[in-house]
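The values are calculated or read from the model by the stated rules, or taken from the named source; none is laboratory data. Please read all numbers here as calculations on a predicted model, not as lab measurements. Cβ coordinates were reconstructed from backbone atoms using ideal geometry, including for glycine residues, and neighbour counts include every protein chain displayed.
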Amino acid sequence: MKPLVSPLPKEESDIAGAAADTLEKLLTLMGVAGSVASQIQPAVGEGQETTASVVLNIEGNDLGILIGRRGHTLDCFQYIVRLIVGHQTQTWLPIVIDVEGYKQRRYQRLQTLARNVAQQVEATGEPFTLEPMPAYERRIIHLTLVDHPDVTTESVGQGEARRVVIQPRD
């Protein structure tokens with residue numbers, strides 16, 4: 001078996017290949033059957049320097065073990081792959097790991113939740129505090145409602161208890 005860490009070229013396609021290979025090796029070592037599809041997502045943004053990201057999607061049966069409660073295991077798995085690939089390539093490129101489109105579905109659910117709660121806050125005039133969630137999920141809520149004319153958002157709390165409050169705009 002090849003070692004998980006070996007020197008590699010730094011081009012985006014090489015990094016995507018290294019990430020896919022690393023992920024496949026980890027899945028094999030874990031005894032999880034799944035196939036990995038990789039793609040390079042072009043950089044989106046203006047003004048500041050932005051980089052493309054490597055998106056890896058794992059397909060297969062019974063992959064819930066990779067997602068974990070509210071995607072926590074998937075986040076940790078993604079972090080480990082980023083560390084290994086970063087060490088291999090001596091380059092940092094954003095790597096996103098998804099399992100059968102879980103993150104995309106979660107993104108859409110969070111946007112729907114934000115809009116529904118915004119309507120509720122608009123109707124009642126009372127602020128609404130969402131459950132604690134990780135930073136990237138709070139960001140989805142904030143970005144969904146950033147241009148809403150009647151509500152505003154704010155993150156409150158510390159650490160893992162940090163949550164979003166949706167409140168009427170003054």
Quiz item: Which ones in the stretch 125-136 are hydrophobic (A, V, I, L, M, F, W, C) and either modelled with pLDDT of 95 or more or outside any helix (DSSP H, G or I) (or both)?
Solution: Phe128, Leu130, Met133
Quiz prompt | Filter result (charged (D, E, K, R) and either surrounded by 14 or more Cβ atoms within 10 Å (Cβ to Cβ) or touching a residue at least 60 places away in the same chain (Cβ under 8 Å) (or both)) within the stretch 119-169 | solution = Glu122, Glu137, Arg138, Arg139, Arg162, Arg163
Self-check item: Check on Gln88, in contact (Cβ under 8 Å) with a residue 60 or more places away in the chain and not β-branched (Val, Ile, Thr)
Solution: yes
Quiz item: Of (1) at pLDDT below 95; (2) more than 18 Å from Glu59 (Cβ to Cβ), Leu110 satisfies all except one. Which?
Solution: (1)
Practice problem: Have a look at Leu93, Leu110 and point out the one that is over 20 Å from Glu11 (Cβ atoms), in contact (Cβ under 8 Å) with a residue 12 or more places away in the chain and not hydroxyl-bearing (Ser, Thr, Tyr). | Solution: Leu110
Exercise. Please find, within the stretch 137-170, the residue that is nearest to Val117 (Cα to Cα) out of those that are among the charged types (D, E, K, R) and not in a helix (DSSP H, G or I).
Key: Asp150
Quiz item: When residues of the stretch 1-52 are filtered for being within 24 Å of Ile65 (Cβ to Cβ) and at pLDDT below 80, how many remain?
Solution: 2
